[in-house]
1. Suppose the filter is assigned to a loop (DSSP other than H, G, I, E, B), surrounded by fewer than 23 Cβ atoms within 10 Å (Cβ to Cβ) and either more than 9 Å from the ligand (Cβ to nearest atom) or aromatic (Phe, Trp, Tyr) (or both); does residue 106 pass it?
2. Looking at (1) surrounded by fewer than 21 Cβ atoms within 10 Å (Cβ to Cβ); (2) at pLDDT 95 or above; (3) over 16 Å from the mean Cα position of the chain (by Cα), which one does residue 270 not meet, given that it meets all the others?
3. Does any residue of the stretch 227-241 turn out to be open to solvent by 20 Å² or more (accessible area, probe 1.4 Å), at pLDDT 95 or above and farther than 28 Å from residue 60 by Cβ?
4. Taking the stretch 141-163 as the search range and keeping residues that are more than 16 Å from the ligand (Cβ to nearest atom) and under 15 Å from the mean Cα position of the chain (by Cα), which one is surrounded by the most Cβ atoms within 10 Å (Cβ to Cβ)?
5. Is there a residue in the stretch 164-178 that is in a strand (DSSP E or B), within 16 Å of the ligand (Cβ to nearest atom) and either in contact with a Pro (Cβ under 9 Å, 6 or more places away or on another chain) or among the aromatic types (Phe, Trp, Tyr) (or both)?
6. Residue by residue through the stretch 109-140, note down the ones that are assigned to a helix (DSSP H, G or I), within 16 Å of the ligand (Cβ to nearest atom) and within 21 Å of the chain's Cα centre (by Cα).
7. Quick one: which of 113, 83 is under 27 Å from residue 249 (Cα atoms) and either open to solvent by 10 Å² or more (accessible area, probe 1.4 Å) or free of Cβ contacts under 8 Å to residues at least 40 places away in the same chain (or both)?
8. Anything in the stretch 16-52 that is in contact with a His (Cβ under 7 Å, 6 or more places away or on another chain) and open to solvent by 40 Å² or more (accessible area, probe 1.4 Å)? List them, or say none.
Amino acid sequence: MSTVESLATESPRGAPLRHDWTRAEVRALFDLPFPELMSRAQSVHRENFDPAAVQISTLLSIKTGGCAEDCAYCPQSASYDTGVHAEKLMSLDAVLEQARAAREAGASRFCMGAAWRSPKERDLDAVCAMVEGVKALGLESCATLGMLTAAQAQRLKEAGLDYYNHNLDSSPEFYGTIITTRSYEDRLQTLEHIRAAGIAVCCGGIVGMGETREDRVGMIATLASLPAHPESVPINMLVRVAGTPLADARPLDPIEFVRTIAVARITMPRSMVRLSAGREDMSEETQALCFLAGANSIFYGPKLLTTPNPDCDRDQALLHRLGMVAMS
Ligand code: SF4
């Protein structure tokens, strides 16, 4: 069993994993007094991880813009006029140059994102070559390419892919208000294909899209009730981009964001909970609270696909101030 698999299934530490979280239980966690919630999240975090260690991933957009899907938060959708233009798939050499730079900057995982509904066969050939190249550099590899068939997931596994990202985005009830071009069921099916191929799953969602707390409850309850918890759970704060339907969404209270992280940590104790998009607009104090709530992974580098992210220097300074270190 790889390190990745053992994280989410058979860690020797902590209580057995649960996959039967009810909404009432998840709601009750969200409703706890903040100090109690944080205390519980920290206990769970410490049982399973070094609380001072943060896993660092770098995300590169290998094919930007022109996407056929209509995700209401996304500047890369062809449905919205956001100033992001459709580009071709990057060359292998250009991707590997960026992967080398990410490794030099301290990343342990290199994620490649393509704005596709699903990859075409010739595109998959090119991505498989990128995965092989990234692995040869000694980095973990991750890809997010849209929906996959079982056969496509298998091909990526054979190329050496470690992780595949495919988010559920929100609760099943709220999902249809932000995406109409593919269903929640489609997403769950792709997750099944990834899992069946033996690729570790990276799956989380976005908050601050105008959803209710009950939707955040529904999202975490769904993630925590998957047959296996995702090995990585990215929790994103919406980045409001001009031109998208969510450009004027009401900002979410940062404390509610921290609560979402804490409930993810408690319900999915051995997953890496990633403090993902939205850090650029987040105070360093809020980010520190997220780490206290059990977040133990970040994206590193000045850009997250097409939206801004803190510079590496700023992140290094923050981790240094907090006495935290990069997970090897
Ligand atoms: S989130 Fe992904 S699938 Fe949705 S529009 Fe953006 S690039 Fe396309």
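The values are calculated or read from the model by the stated rules, or taken from the named source; none is laboratory data. Note that the coordinates shown come from a computational prediction; the quantities given were computed from them, not determined experimentally. So basically every Cβ, Gly included, is an ideal-geometry build from the backbone, and we count neighbours across all protein chains shown. Please note that ligands, DNA and RNA were not included when accessible areas were found on the heavy atoms of the full protein model with its side chains. Shrake-Rupley method; radii C 1.70, N 1.55, O 1.52, S 1.80 Å.
1. On the way: assigned to a loop (DSSP other than H, G, I, E, B): yes; surrounded by fewer than 23 Cβ atoms within 10 Å (Cβ to Cβ): yes; either more than 9 Å from the ligand (Cβ to nearest atom) or aromatic (Phe, Trp, Tyr) (or both): yes.
The answer is yes for residue 106.
2. Of the numbered conditions (1) surrounded by fewer than 21 Cβ atoms within 10 Å (Cβ to Cβ); (2) at pLDDT 95 or above; (3) over 16 Å from the mean Cα position of the chain (by Cα), the odd one out for residue 270 is (3).
3. Within the stretch 227-241 (the criterion being open to solvent by 20 Å² or more (accessible area, probe 1.4 Å), at pLDDT 95 or above and farther than 28 Å from residue 60 by Cβ), the answer is no, since none of the residues qualifies.
4. The selected residue is 141.
5. In the first step, residues of the stretch 164-178 are kept if they are in a strand (DSSP E or B); the result is 164-165, 169.
Applying the additional criterion that residues be within 16 Å of the ligand (Cβ to nearest atom) yields 164-165, 169.
Checking the rest, the ones that are also either in contact with a Pro (Cβ under 9 Å, 6 or more places away or on another chain) or among the aromatic types (Phe, Trp, Tyr) (or both) come to 164-165.
Yes, the conditions are met somewhere in the stretch 164-178.
6. 127
7. Numbers: 113 fails: either open to solvent by 10 Å² or more (accessible area, probe 1.4 Å) or free of Cβ contacts under 8 Å to residues at least 40 places away in the same chain (or both).
Answer to the selection: 83.
8. Taking the stretch 16-52 and keeping what is in contact with a His (Cβ under 7 Å, 6 or more places away or on another chain), we get 17, 51.
Of everything in the stretch 16-52, just one residue is in contact with a His (Cβ under 7 Å, 6 or more places away or on another chain) and open to solvent by 40 Å² or more (accessible area, probe 1.4 Å), namely 51.
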